[in-house]
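Student: Once you've had a glance at the structure underneath, I'll fire off some questions.
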Amino acid sequence: LKTFGMTESAVNDKLAGIEGAHDVVIAYRAHFPEIEVKVLARAARKEDAESRARAAANVVLERLGPDVVYAEGDVTFAQALGALLLERNMKLATAESCTGGLVGEILTERGGSSEFYAGGIVAYENSVKEQLLGVPAPMLAQYGAVSPEVARAMAEGALRVVGANVAVAFTGIAGPGGGTPEKPVGTVCYAVATRDGTVDRQMVFPGSRTQVRQLAAFAGLALVRSVLRRGLDA
């Protein structure tokens, strides 16, 4: 089972007792920022082992929930999100500042991404945010580039410019410098826009510059997934 959004220790706590109750072994493999949960069972007959493992896996799914478990088997986060977009006949656009194209790279890592990914804009400088995404200069001056307001405007601009059905945008301080007491290193604002409206989030992610960017990318794509599944109240 592929998961994102919880630490390994938190997942382990959630799954306490399953091994003993179902006579299985639960193993973890971390592939930052994801965690793979494996349910292993042994029995004289293969069918019995598979049945026991399946029953335990269902309990794992129930405890962690669909917001954390995004797929089973050899499926990437992008593929799982892509399948959801295809089910709804939708295409995704991206607008990236602090992630610098990482989200587009994640989405296009495997073939077939053109079926659900329309394209993206990397808008690092404020002038590019203004010129290509239509972010108002007064908004940038009032709130700063790293703000929910600018993230929303970037997402809405990408939706309009690229012509997609849904867009996700990122703006933040990946570090190692650039932080302030109000907006420390790791602060990332991201937003998802659809034709029905826009939602945003602001987080402070821990770790190195690389880790902050990876966590931000996955968190934003997870918000896209939530919006597709539950609407703008996600």
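Please treat every number below as a calculation from the coordinates, not as lab data. Being a predicted model, the structure only gives us computed values, none of them experimental. Backbone-built Cβ (ideal geometry, glycine too); neighbour counts: all protein chains shown.
Student: Compute the acute angle (0 to 90°) between the alpha-carbon long axis of helix 148-158 and the principal axis of greatest extent of the alpha-carbon atoms of the chain; round to the nearest 10°.
Tutor: Between helix and principal axis, roughly 90 degrees.
Student: Take the alpha carbon atoms of the range 159-234, find their center, do the same for the range 39-94, and report the distance between the two centers in whole angstrom.
Tutor: If you average the Cα positions of each part, the centres end up 24 Å apart.
Student: When the dipole is taken about the Cα centre of the chain, and only Lys, Arg (+1) and Asp, Glu (-1) are charged at their Cβ, what size is it in debye, to the nearest 20? Don't jump to the answer; show the numbers that get you there.
Tutor: Values: 24 positive and 26 negative charges, 24 e Å.
About 120 debye.
Student: Compute the helix-to-body angle for 77-87: its Cα long axis versus the longest principal axis of the chain, expressed 0 to 90° and rounded to tens.
Tutor: Long axis of 77-87 versus the principal axis of the chain: about 80 degrees.
Student: What ranking of ILE18, ILE106 emerges when the number of other C-beta atoms within 10 Å of each C-beta is taken as an exposure proxy, fewest first?
Tutor: Details: ILE18 17, ILE106 21.
Lowest to highest Cβ neighbour count: ILE18, ILE106.
Student: Same structure again: If you line up the long axis of helix 46-64 against the longest principal axis of the chain, both from Cα atoms, how many degrees apart are they, to the nearest 10?
Tutor: Rounded to the nearest ten degrees, it is 40.
Student: Rounded to the nearest 0.05, what FRET efficiency is calculated for LEU132 and GLU36 with R0 set to 45 Å and r the Cβ-Cβ distance? Display every interim value, and only then the final one.
Tutor: Numbers: r = 37 Å, r/R0 = 0.83.
Between LEU132 and GLU36 the formula returns 0.75.
Student: I want to check the label-to-label distance for ARG54 and ASN12. Put each point 7 Å from Cα in the C-beta direction and report it in nm to one decimal.
Tutor: 3.0 nm
Student: Sort VAL24, VAL150 by Cβ crowding within 10 Å, fewest neighbours at the top. Provide the component values of the computation, followed by the final result.
Tutor: Working: VAL24 23, VAL150 26.
Ascending number of Cβ neighbours within 10 Å: VAL24, VAL150.
Student: Volume per residue, Å³, of the convex hull around the alpha-carbon atoms of the range 159-234?
Tutor: Details: hull volume 7.3 nm³, N = 76.
Spelled out: Cα convex hull of the range 159-234, divided by residues, is 96 Å³.
Student: Here is a follow-up. May I ask what percent, to the nearest 5, of DSSP beta bridges between residues of the chain are antiparallel?
Tutor: Values: 26 of 36 bridges.
Approximately 70 percent, going by the DSSP bridge assignments.
Student: Apply 1/(1 + (r/R0)^6) to the Cβ-Cβ distance of ALA27 and ARG88, taking R0 = 41 Å, and write down the FRET efficiency to the nearest 0.05.
Tutor: Working: r = 34 Å, r/R0 = 0.83.
According to the calculation, E is roughly 0.75.
Student: Of TYR124, TYR190, TYR28, which has the largest mean-square fluctuation in a 10 Å C-alpha GNM of the chain?
Tutor: Per the Cα network of the chain with a 10 Å cutoff, TYR28 tops the list.
Student: Now a separate question. Taking Cα pairs under 8 Å and at least six residues apart, what relative contact order does the range 1-71 come out at, in percent?
Tutor: On the way: 89 pairs, mean separation 29.9, N = 71.
Result for the range 1-71 is 42 percent.
Student: Per the helix-only calculation at 222 nm, which mean residue ellipticity applies to the chain, given -39500 (n - 2.57) for every DSSP H run of n ≥ 4 and division by its residues, nearest 500 deg cm²/dmol? Don't skip to the end; give the middle numbers.
Tutor: Details: 9 runs with 96 residues, N = 234.
Counting only the DSSP helices, I get -12500 deg cm²/dmol.
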